[in-house]
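Please read the structure below before turning to the comments.
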């Protein structure tokens, strides 16, 4: 029968459940109390994106951090690696973070996840993890000085500290990608008597419809091949597209004899 060790980390924190760790360890039975401190000293990888929405500036960080954990319990001590995804409103000093962590890199390593809220550069959250080949469960609250961006985790505590958590409610994405504004192209369709100008070969065409004014000149691209029979005085059908106000540039056209 597997023996179970229950480790209680620290005392109750304002608005944060008291940290508790549950670990299944060989040949150990009972309940003990432990705390841990941590910090990171290096940012191995970091991708930071900023944007502004409704006068608020947001900073989104995807970073990998390395450091150490020191604990009263051997399960929680050792080299630390954190991968964190942070969203922080630098205007109001509010944000949140989600991530994964690893303590040590041997058979007794602890792997887990954490999440928390950030207020004025202070993180308060909760972590869950597993150790000893997934036979130990680690649960606890955590706090640290952290706000994403170029900052490391400093003065971190697991199962200790008195920081106050904040409730973060984020409706949708803080900054949606700006939709590129593209003006609708102006297209003109005309049927009537053609007048070619320029050239040879002709460089523009105007159309005099049966009813209405003469169309503005449509430029004829150099590579465009006029259909046979399209000459001044012929009855034609044209489709022109304008880019910019003037001169008119023909970008899409179908010119044919009208039977």
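Throughout, read-outs are computed from the coordinates displayed, never taken from laboratory work. Quantities reported herein were computed from a predicted structural model and do not represent experimental measurements. Cβ placement follows ideal geometry from the backbone for every residue including glycine, while neighbour counts extend to all protein chains displayed.
For a test of the definition: using alpha carbon positions, the gyration tensor, and the 1.5 limit on a/c, classify segment 32-155 as rounded, prolate or oblate. Mind showing how you got there, number by number?
Details: a/c = 2.39, a/b = 2.04, b/c = 1.17.
It comes out prolate by the Cα gyration axes.
Taking 0.36 nm per intervening residue step and subtracting the Cα-Cα distance, what contour gain separates residue 74 from residue 211 on full extension?
Numbers: separation 137, 0.36 × 137 = 49.32 nm, distance 9.24 nm.
Length difference between fully extended and current span is 40.1 nm.
How high is the FRET efficiency between residue 45 and residue 241 when r is their beta carbon distance and R₀ equals 45 Å, given to the nearest 0.05? Present the calculation step by step, with values, prior to reporting the outcome.
Values: r = 47 Å, r/R0 = 1.04.
Using R0 = 45 Å, I get an efficiency of 0.45.
With labels modelled as points extended 7 Å from the Cα through the Cβ direction, what inter-label distance (nm, one decimal) is found for residue 107 paired with residue 56?
Using points 7 Å along Cα→Cβ, the separation is 5.0 nm.
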